[in-house]
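Structure first, then comments.
Read-outs: derived from the displayed coordinates by stated rules, not from any lab. Keep in mind that this is a model prediction, so the values were computed, not measured. Backbone-built Cβ (ideal geometry, glycine too); neighbour counts: all protein chains shown.
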C-alpha cells in the first residue's frame, strides 16, 4: 500500500481584514460573485468571518487566507493561515 498524500478537506477563503480590535481575533470580509436566479446578473455578496489571529499579526487592510478549524468561541471557527500585508503606498 502506498501512502496517500494528506489533503485538507477544510474550507479555505481569501479576504480582507476589516477589524483587528479584538484580542487574538480579526474580522475578515470575504467577497464572492453570485448569479441572480431570475435576471442572470452577477452580484457581489460580502460576508464577514471572525478568524483566530495568533500573536495579532494581521492588521487592518491586510489580505489574508483563512481556513476552517474547530470552534474556538461562539462564532469564531476560522484561523488565519497566511497574510499578505497591505502596501504602504495605498
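Restricting to segment 1-33, name every residue that is in a loop (DSSP other than H, G, I, E, B) and either touching a residue at least 24 places away in the same chain (Cβ under 8 Å) or surrounded by 12 or more Cβ atoms within 10 Å (Cβ to Cβ) (or both).
Step one: filter segment 1-33 for residues in a loop (DSSP other than H, G, I, E, B), giving 1-11, 20-24.
Listed by number, the residues that qualify are 8, 10, 11, 20, 22, 23, 24.
Take residue 64 and decide whether it is free of Cβ contacts under 8 Å to residues at least 40 places away in the same chain and either loosely packed, with under 12 Cβ neighbours inside 10 Å or under 16 Å from the mean Cα position of the chain (by Cα) (or both).
No, not satisfied.
How do the pairs read when you match residues in segment 34-45 that are free of Cβ contacts under 8 Å to residues at least 12 places away in the same chain and at negative phi with residues anywhere that are exposed (fewer than 10 other Cβ atoms within 10 Å of the Cβ) and not in a strand (DSSP E or B), using Cβ under 8 Å and keeping only pairs 6 or more apart or on different chains?
35/41; 42/36; 43/36
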